[in-house]
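K.L.:
First, the structure itself, so that you have it in front of you.
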Amino acid sequence: GNIGFIGFHISNFLLSQGVEVIGIDNQNNYYDVMLKSNRLKILEKYEHFTFHKEDLSDKEIIDLVINKYSDVTHIIHLAAQAGVRYSISDPHAYIKSNFEAKLNILEIAKNLAKLKSLIYASSSSVYGNNQSIPFKIDQKLTSPLSLYAATKIGGEAM
């Protein structure tokens, strides 16, 4: 998910520092596709940027893409189906993007010999009805208020 808000800014920063970035994003239409397209145009100006328009939940395709890059040392996994309200109208999108894609990333990571780190972005939604403020990363996450939050808790657990 490197052309969403956070993914774009991280990719742009890393590229500006001379780091090679391989981006994968499905460019779904959950929010403005033109905004994502404009972000991609900015990243494509860097010669050490490679982009693949693919869905991380499609294991066969992702395996083919990643097999081209056996020297990957870091994965920043930001791809997700976002939005609390949308999880009510299209729950399957959340299982596909937030569970299946995360599982595929973990399976890929196991086979990357040079991998040093995998960073996963969760959400403050995981704290649900938790009344203890400020939130702490070691709090028990037992009361999600949406399917979106439940999938992010599941991603953390995986």
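The values are calculated or read from the model by the stated rules, or taken from the named source; none is laboratory data. These numbers come from a predicted model, not from an experiment. Reconstructed Cβ throughout: ideal geometry from the backbone, glycine too, with neighbour counts over all protein chains shown. Surface accessibility is based on the protein's heavy atoms, side chains included, excluding ligands, DNA and RNA. Shrake-Rupley method; radii C 1.70, N 1.55, O 1.52, S 1.80 Å.
Results for (1) touching a Cys at 6+ places or on another chain (Cβ under 7 Å); (2) of a type in the set (A, V, I, L, M); (3) open to solvent by 40 Å² or more (accessible area, probe 1.4 Å), shown as yes or no for each residue.
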{"position": "64", "(1), (2), (3)": "no, yes, yes"}
{"position": "79", "(1), (2), (3)": "no, yes, no"}
{"position": "96", "(1), (2), (3)": "no, no, yes"}
{"position": "101", "(1), (2), (3)": "no, yes, no"}
{"position": "109", "(1), (2), (3)": "no, yes, no"}
{"position": "123", "(1), (2), (3)": "no, no, no"}
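K.L.:
Out of the residues in the range 125-141 that are open to solvent by 30 Å² or more (accessible area, probe 1.4 Å) and part of a helix (DSSP H, G or I), which is modelled with the lowest pLDDT?
P.N.:
For the range 125-141, the residue satisfying everything is 127.
K.L.:
Can you pull out the residues in the range 111-121 that are polar (S, T, N, Q) and either on the phi > 0 side of the Ramachandran plot or open to solvent by less than 50 Å² (accessible area, probe 1.4 Å) (or both)?
P.N.:
Listed by number, the list holds a single entry, 117.
K.L.:
Somewhere in the range 134-142, is a residue among the acidic types (Asp, Glu) and closer than 16 Å to residue 1 by Cα?
P.N.:
Within the range 134-142 (the criterion being among the acidic types (Asp, Glu) and closer than 16 Å to residue 1 by Cα), the answer is no, since none of the residues qualifies.
K.L.:
How many residues does the range 42-62 hold that are touching a residue at least 40 places away in the same chain (Cβ under 8 Å) and either surrounded by 17 or more Cβ atoms within 10 Å (Cβ to Cβ) or in contact with a Lys or Arg (Cβ under 8 Å, 6 or more places away or on another chain) (or both)?
P.N.:
Selection size over the range 42-62: 6.
K.L.:
Okay, moving on. Take the range 145-158 and flag every residue that is open to solvent by 50 Å² or more (accessible area, probe 1.4 Å) and either part of a loop (DSSP other than H, G, I, E, B) or free of Cβ contacts under 8 Å to residues at least 12 places away in the same chain (or both).
P.N.:
Correct list: 145, 157, 158.
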